[in-house]
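The values are calculated or read from the model by the stated rules, or taken from the named source; none is laboratory data. If you're wondering where the values come from, they're calculated on a predicted model, not measured in any experiment. Note that each Cβ is placed from the backbone with ideal geometry, even for glycine, and that neighbours are counted across all protein chains shown. We work out accessible area using only protein heavy atoms, side chains counted, and drop any ligands, DNA or RNA first. Shrake-Rupley method; radii C 1.70, N 1.55, O 1.52, S 1.80 Å.
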Amino acid sequence: ANSTEKNSDARSVPSKSTTSTSTAAPASFTTKADYGWFEDGVATFPETGRTAMCVAGGMRSFPYPKIHKSILEFKKKINATVFTVMHETTSPGVEKYLQLPFKADQTALKAALDVLEPVHIEIHNASTCQCFNTVEPTTKCCDDAWMSNYLQFGWVWHCLNVVRQYEQKQQVRFEFFVRVRPDVMYFALDQLPSKEQLRKNGITLTVKHARNQPADWVFILTRRSLDWFLDTMADVQNHCNKKHSCRKHGEAGKCMEKDKVFLAPEYSGWYAQDLKSPLAFLRGTKRWTFDSVNLQPVIVRSRGMADCFRLIGDRQKCLNFTAKGWDKVRRLAQSRRSRRSGR
């Protein structure tokens, strides 16, 4: 629990006594046979209910109380151990063109982490291969110029590597693995299934357009379903490796072009469904059952911008929060402090 924090470049991480990270980088993989750590004894694995939650991705609105307290509620409902692997970002969304700043306020960030109490804190100053390779130095990385969203997969995979190391160090094994985005608030966490239902589902997602059209903003996997993600990451990694080989041999042809097929992850082969069954993913000879629930998630991109239009259900509360400012609680507190100090 006292090992050194890891970080990209000179970016500071709020210190916390309960925070731990590994000092050795996880081993890379090149084939699907290299990541079977989760399968050992999975057929007879006891139903412990122990849950690992990866808060992985662009930090954006994470320091706003409404956001991290929603993640905290999620954590409590499933009784999870939290691991944070986040990065600052200029999003490829609308805010990129508005040039909105996303450098996190350090005081607000520390307050958010104190509330969430992760056992692992890792914050990078950007989502780049330079940052990624500080924690996965033996893995070939492809940035957005080569493969759209390689790093979206990569940061989640890295967080699962951190979880693996935690299991080894603490001599524990998780039954469930959860990934949530740092910039999403949930208006309907009361719809979270019981652990018994999560076991039955295998893979649990949140609705995007319909029950059989889920989003990739959150997933809850049983241990025996973890290869649904890891198989995809292996395919993505192998494709990236080929690009590096292409560059090494000086072949600046078509293989170096950006791959449009790797745009939004839920539109990739990761979410390929069995057409004979509306609630199952299919890849080769492998098949995974899933179900999705409407947690009413909303991506909060800045204090005055959120994807309320994506909500299936009542959008008014989301619109009200956006109009007033998602960081309003903190801004009001700052105003009160300023008045008391006479500023």
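Select from the stretch 202-213 the residues that are in a strand (DSSP E or B) and open to solvent by less than 10 Å² (accessible area, probe 1.4 Å) and list them in ascending order.
The answer is ILE203, THR204, LEU205, THR206.
Taking the condition assigned to a helix (DSSP H, G or I), among the polar types (S, T, N, Q), in contact (Cβ under 8 Å) with a residue 12 or more places away in the chain and open to solvent by 30 Å² or more (accessible area, probe 1.4 Å), does ASN161 pass?
Against the criterion (assigned to a helix (DSSP H, G or I), among the polar types (S, T, N, Q), in contact (Cβ under 8 Å) with a residue 12 or more places away in the chain and open to solvent by 30 Å² or more (accessible area, probe 1.4 Å)), ASN161 does not qualify.
Among the candidates ARG199, ARG179, ARG211, ARG164, which residue alone is over 24 Å from ARG287 (Cβ atoms) and basic (Lys, Arg)?
Residue meeting the stated conditions: ARG164.
Any chance the stretch 226-244 includes a residue that's at pLDDT below 80, surrounded by 14 or more Cβ atoms within 10 Å (Cβ to Cβ) and closer than 25 Å to ALA56 by Cβ?
Checked the stretch 226-244: no residue is at pLDDT below 80, surrounded by 14 or more Cβ atoms within 10 Å (Cβ to Cβ) and closer than 25 Å to ALA56 by Cβ.
From LEU151, LEU116, which residue is surrounded by fewer than 22 Cβ atoms within 10 Å (Cβ to Cβ), in contact (Cβ under 8 Å) with a residue 12 or more places away in the chain and under 16 Å from the mean Cα position of the chain (by Cα)?
LEU116
All but one of (1) assigned to a helix (DSSP H, G or I); (2) open to solvent by 10 Å² or more (accessible area, probe 1.4 Å) hold for LEU198, so report the exception by its number.
LEU198 satisfies every listed condition except (2).
Got at least one residue in the stretch 249-256 being open to solvent by 50 Å² or more (accessible area, probe 1.4 Å), part of a loop (DSSP other than H, G, I, E, B), basic (Lys, Arg) and at pLDDT below 90?
no
Just to be sure I understand, how many residues within the stretch 126-145 are open to solvent by 40 Å² or more (accessible area, probe 1.4 Å) and not small (Gly, Ala, Ser)?
9
Can you tell me which residue within the stretch 75-105, out of those that are of a type in the set (Phe, Trp, Tyr) and surrounded by 12 or more Cβ atoms within 10 Å (Cβ to Cβ), is modelled with the lowest pLDDT?
PHE102
Going through the stretch 193-222 one residue at a time, which ones are without any contact (Cβ under 8 Å) to a residue 12 or more places away in the chain and hydroxyl-bearing (Ser, Thr, Tyr)?
If the condition is that a residue be without any contact (Cβ under 8 Å) to a residue 12 or more places away in the chain and hydroxyl-bearing (Ser, Thr, Tyr), then SER194 is the only one that fits.
From the residues in the stretch 281-315 that are surrounded by fewer than 17 Cβ atoms within 10 Å (Cβ to Cβ) and among the small types (Gly, Ala, Ser), which one is farthest from VAL184 (Cα to Cα)?
Filtering first and then ranking leaves GLY284.
Pick from the stretch 264-279 the residues that are open to solvent by less than 20 Å² (accessible area, probe 1.4 Å) and among the aromatic types (Phe, Trp, Tyr): which of them is modelled with the lowest pLDDT?
Within the stretch 264-279, the match that is modelled with the lowest pLDDT is TRP270.
For the stretch 128-158, enumerate the residues that are farther than 13 Å from MET233 by Cα and in a loop (DSSP other than H, G, I, E, B).
Within the stretch 128-158, THR128, GLU136, PRO137, THR138, ASP143, ASP144, ALA145, TRP146, SER148 meet the criteria.
Name every residue in the stretch 266-321 that is of a type in the set (Lys, Arg) and free of Cβ contacts under 8 Å to residues at least 40 places away in the same chain, in order of residue number.
Correct list: LYS276, ARG287, ARG315.
Being small (Gly, Ala, Ser), touching a residue at least 12 places away in the same chain (Cβ under 8 Å) and open to solvent by 10 Å² or more (accessible area, probe 1.4 Å), is that true of even one residue in the stretch 184-192?
No, that holds for no residue.
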